[in-house]
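Here the structure comes first, spelled out in structure tokens, and everything after it is commentary.
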Amino acid sequence: MNLYPAIDILEGSAVRLVKGDFDAKKVYDQDPLAAARAFAEDGARWLHIVDLDGAKSGEPVNIAQLRLIVDELHLPVQFGGGLRSMAAIDAALSAGAERVILGTAVFTSDLLWEALEAYGPDRVLVSIDARGGYVATHGWLEATSIPVQEAIERLSGSTDESHSPGGVKRFVFTNIDHDGMLDGVNGEEVATMARAAGDGQLILSGGIGTIDDLQAVAALRAEQQLDGLDGVIVGKALYEQRFTVAEALAALGT
């Protein structure tokens, strides 16, 4: 399984929120590049960068930070936050992102299908952010009436409602109620969402607080044959030194 250390950028700093609440932020590093460098030096093989300013404003704000990180560290990066136009997607990829993450635009426009046609399913991830079992959008600030499992099944092509013959192949699933809480993950929920992705890949985000949590996710993948469970995004637990990147990679069997 893959480990994706998280760097959430807000007002120029690397921060973490609690349950997506912008008023409940904690700054962990004034310099996102320094945070990324520390992860890289500890063995990170990927980085997960979210432009929280962009998520709020509707257009990316921290493309320059993305470029700095990629240019120095040469690690593959998946980048999201405010990518609600092809111009924004083009800018993120031109700045060096290996993958772009689309969230709000997936449910408000046809941008996803344009992006898939232009860049293919390996470079375009869909972020499914859940609150109370339903999809949340606009930087997690707005609720929808779309059930999460239904959204993943439809977008992956598991149902006949997909706009694309192949459907979406990569998802990031976040249970907002667990984000930043370090309270573990719901194995049954994770298994359900991984299966909903069909033959696609699903990355889990939210709730990882201990090495035991990582080992539990790895065991769940093996025991229930969830080959599509690609990996986990971890932020707060790494910043608070509950375990290192190297220890996390070992726990995930990577």
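The values are calculated or read from the model by the stated rules, or taken from the named source; none is laboratory data. Note that this is a predicted model, so its numbers are computed, not measured. Cβ sites come from the backbone with ideal geometry, for glycine too, and all protein chains shown count toward neighbours. For accessibility, only protein heavy atoms count, side chains too; no ligands or nucleic acids. Shrake-Rupley method; radii C 1.70, N 1.55, O 1.52, S 1.80 Å.
Quick notes
- Of the set (1) without any contact (Cβ under 8 Å) to a residue 24 or more places away in the chain; (2) open to solvent by less than 10 Å² (accessible area, probe 1.4 Å); (3) among the small types (Gly, Ala, Ser), all apply to Ala222 but (2).
- Hits in region 89-110 (condition: in a helix (DSSP H, G or I) and open to solvent by less than 10 Å² (accessible area, probe 1.4 Å)): Ile89, Ala92, Ala105
- In the set (1) farther than 17 Å from Ile7 by Cα; (2) part of a helix (DSSP H, G or I); (3) modelled with pLDDT of 95 or more, Asp177 fails one condition alone, (3).
- In this structure, Pro76 does not satisfy being more than 23 Å from Leu3 (Cα to Cα), free of Cβ contacts under 8 Å to residues at least 40 places away in the same chain and open to solvent by 10 Å² or more (accessible area, probe 1.4 Å).
- For region 71-88, a residue qualifies if it is part of a helix (DSSP H, G or I) and either over 19 Å from Pro32 (Cα atoms) or touching a strand residue (DSSP E or B) at 6+ places or on another chain (Cβ under 9 Å) (or both), and the qualifying residues are Leu73, Met86, Ala87, Ala88.
- Residues (open to solvent by 60 Å² or more (accessible area, probe 1.4 Å) and part of a strand (DSSP E or B)) located in region 25-70: Lys25, Lys26, Val27
- Taking the conditions (1) modelled with pLDDT under 95; (2) within 25 Å of His74 (Cβ to Cβ) in turn, Val27 satisfies each one other than (2).
- Number of positions in region 7-53 that are touching a Phe, Trp or Tyr at 6+ places or on another chain (Cβ under 9 Å) and among the small types (Gly, Ala, Ser): 5
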